[in-house]
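Chemist: Quick one: this structure, given as structure tokens, is what I'll be asking you about.
The values are calculated or read from the model by the stated rules, or taken from the named source; none is laboratory data. Nothing here was measured: the structure is a model prediction, and the numbers come from that model. Positions of Cβ are generated from backbone atoms using ideal geometry, with glycine treated the same way; all protein chains shown enter the neighbour counts.
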Amino acid sequence: MPGIDPADLCRLVAAPAVRTFTDRPVPEETVRGLVDVARRTGSARNRQPWRFRIVADGPTRSGLARLGAFAAHLAAAPCVLVLLAPDDSGRDTDFDLGRVAQSVVLAAAAAGLGCCPATVYPERNVERAGRLLGIGPGWHVRWCFALGFPGRRGTGRSAVPTGRLGVDELLI
Ligand SMILES: Cc1cc2nc3c(=O)[nH]c(=O)nc-3n(C[C@H](O)[C@H](O)[C@H](O)COP(=O)(O)O)c2cc1C
């Protein structure tokens with residue numbers, strides 16, 4: 001793409017998931033800026049099947065952190081950005097949500113923020129998250145993004161595989 005160094009793009013895309021953060025708060029204006037980037041993402045039939053909620057208060061973040069098996073980092077982050085999906089999801093909605101989620105992740109990396117998604121599941125936790133956040137009818141919580149300035153990286157082994165497949169492995 002003209003004007004963007006592919007190496008810079010690679011660095012942004014490859015930014016590792018960050019699950020530990022400093023105490024430095026993330027200004028709401030910064031998070032609104034991420035949403036301003038993400039809202040430009042294309043979607044099937046331009047449905048824009050996404051809404052967001054910014055959560056900074058500790059008890060609510062801790063509540064969200066209990067609503068996924070691997071969501072503890074939501075309590076550790078100074079800010080959580082919640083991604084909501086429409087109840088009347090269509091065939092392309094998951095693809096659209098993945099695209100807008102990647103926009104959030106890239107915008108966070110460009111802003112110098114660490115970020116890691118957390119999946120809210122099973123279904124009863126999706127309902128609990130909706131009640132916790134007071135989400136109105138028509139929308140439900142799918143994923144949450146922990147956001148903050150990166151803290152010290154853990155030294156333990158990751159429970160999930162790390163690294164990426166090479167081009168030759170991908171072209172099958
Ligand atoms: C759809 C999706 C859901 C994810 N859910 C979680 C999660 O619940 N908990 C978590 O710690 N990481 C979650 N992640 C982060 C992945 O584990 C991470 O992106 C992957 O392991 C690559 O990490 P790396 O970029 O540091 O190599 C999720 C990522 C995606 C794309």
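Chemist: Mind counting the residues in the range 44-75 that are among the hydrophobic types (A, V, I, L, M, F, W, C), out of contact with any helix residue (DSSP H, G or I) (no Cβ under 8 Å at 6 or more places or on another chain) and over 22 Å from residue 94 (Cα atoms)?
Modeler: Qualifying residue count, the range 44-75: 0.
Chemist: While we're on this one: Just give me the residues in the range 28-74 being of a type in the set (Gly, Ala, Ser), touching a residue at least 60 places away in the same chain (Cβ under 8 Å) and surrounded by fewer than 17 Cβ atoms within 10 Å (Cβ to Cβ), in sequence order.
Modeler: 33 - this is the single residue of the range 28-74 that is of a type in the set (Gly, Ala, Ser), touching a residue at least 60 places away in the same chain (Cβ under 8 Å) and surrounded by fewer than 17 Cβ atoms within 10 Å (Cβ to Cβ).
Chemist: If residue 94 satisfies every condition in (1) within 16 Å of the ligand (Cβ to nearest atom); (2) without any contact (Cβ under 8 Å) to a residue 24 or more places away in the chain; (3) farther than 24 Å from residue 137 by Cβ but one, which is the exception?
Modeler: All conditions pass for residue 94, except number (3).
Chemist: When you go through (1) modelled with pLDDT of 95 or more; (2) away from the ligand (no atom under 14 Å from the Cβ); (3) farther than 17 Å from residue 60 by Cβ one by one for residue 128, which number turns out not to apply?
Modeler: Failing condition for residue 128: (3).
Chemist: Then there's this: Scan the range 147-172 for residues that are part of a loop (DSSP other than H, G, I, E, B) and within 16 Å of the ligand (Cβ to nearest atom) and report the count.
Modeler: So the answer is 16.
Chemist: Next question, about the same structure. Could you count how many residues in the range 89-146 are assigned to a loop (DSSP other than H, G, I, E, B), touching a helix residue (DSSP H, G or I) at 6+ places or on another chain (Cβ under 7 Å) and surrounded by 15 or more Cβ atoms within 10 Å (Cβ to Cβ)?
Modeler: Adding up the residues that qualify gives 2.
Chemist: Something else about it: Among helices (runs of 4 or more DSSP H) lying entirely in the range 1-88, which contain 2 or more residues that are at pLDDT below 95, within 16 Å of the ligand (Cβ to nearest atom) and under 28 Å from residue 161 (Cβ atoms)?
Modeler: The helices (runs of 4 or more DSSP H) meeting that bar are 6-13.
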